[in-house]
Amino acid sequence: RIKTVEVPGKGRKQVHYLYYKVTNRTGKPRIFVPEFIMVNELGQKLVDNVVPQAVPLIQVREDATVPLLGAVNVMGMIPPSTKPDVDDSVFGVATWDKWDPKSDRFSIYVRGLSDGYKEVPAASGGKPTVKYKTLRIDFIRRGDEHNLNEKEIYLNDPPYEWVYW
């Protein structure tokens, strides 16, 4: 989604954001340190950044009754969801205040949902590269760069895939 926010020293900015919830069904507390990276079709990578002015505006828009945590506040222990028929979920938001408005396709890579990883041997026999199990969510934006509108952003088909990245 997109929300216009007044950012001190930067003026009015359109902030792209991903509203999400995390539910722990493992039966024990789990550490949660997410990383959100937006990558467009040109390979430009943007790590989510803290836009504190956006969080309360997004909370009012999405659900004012649920506490919403930003990139820094969401890090920590996620309690297990143990109540029957009730999700003890944590709600968060990842934000980006810079983006190439000409992009028609982009993916958001979410690390921190799994502790899976694999080592990929280096081609030259050197130190292997570690790749982490990461959720990739794919989006398409139909529209032009002159009139950005969140109604033009759709999940791709298929919408997501687990990858090692």
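The values are calculated or read from the model by the stated rules, or taken from the named source; none is laboratory data. Quick caveat, the model's predicted, so the values are computed rather than measured. Because the Cβ atoms are built from the backbone with ideal geometry, glycine has one as well, and the counts that use them run over all protein chains shown. Surface accessibility is based on the protein's heavy atoms, side chains included, excluding ligands, DNA and RNA. Shrake-Rupley method; radii C 1.70, N 1.55, O 1.52, S 1.80 Å.
Within the range 74-101, track down each residue that is of a type outside the set (D, E, K, R), farther than 22 Å from residue 25 by Cβ and assigned to a loop (DSSP other than H, G, I, E, B).
Within the range 74-101, 99, 101 meet the criteria.
Between 90, 120, which is open to solvent by 40 Å² or more (accessible area, probe 1.4 Å), among the β-branched types (Val, Ile, Thr) and at negative phi? Walk me through how you get there before you give the answer.
On the way: 90 fails: open to solvent by 40 Å² or more (accessible area, probe 1.4 Å).
After ruling out the rest, the residue left standing is 120.
Can you confirm whether residue 14 is open to solvent by 50 Å² or more (accessible area, probe 1.4 Å), out of contact with any Leu (no Cβ under 7 Å at 6 or more places or on another chain) and not aromatic (Phe, Trp, Tyr)?
So residue 14 does not fit the description; no.
Consider residue 113 against the criteria (1) part of a strand (DSSP E or B); (2) surrounded by 14 or more Cβ atoms within 10 Å (Cβ to Cβ): it satisfies all of them except one. Which criterion is unmet?
Against the list (1) part of a strand (DSSP E or B); (2) surrounded by 14 or more Cβ atoms within 10 Å (Cβ to Cβ), residue 113 comes up short only on (1).
From the set of residues in the range 123-149 that are in a strand (DSSP E or B) and of a type in the set (A, V, I, L, M), which is most open to solvent (accessible area, probe 1.4 Å)?
In the first step, residues of the range 123-149 are kept if they are in a strand (DSSP E or B); the result is 129-141.
Right, trim to of a type in the set (A, V, I, L, M) and you get 130, 135, 137, 140.
On the way: 130: 57, 135: 29, 137: 28, 140: 24 Å².
In this case the residue turns out to be 130.
So which residues in the range 75-116 are over 22 Å from residue 48 (Cα atoms) and not small (Gly, Ala, Ser), if there are any at all?
79, 80, 82, 83, 84, 85, 86, 87, 88
So, in the range 35-47, of the ones that are open to solvent by 30 Å² or more (accessible area, probe 1.4 Å) and not basic (Lys, Arg), which residue ends up nearest to residue 112 (Cα to Cα)? First the steps, then the outcome.
If we filter the range 35-47 for residues that are open to solvent by 30 Å² or more (accessible area, probe 1.4 Å), which is where we start, we get 35, 41-47.
Adding the requirement that they be not basic (Lys, Arg) leaves 35, 41-44, 46-47.
Details: 35: 6, 41: 23, 42: 25, 43: 21, 44: 21, 46: 17, 47: 14 Å.
Among them, the one singled out is 35.
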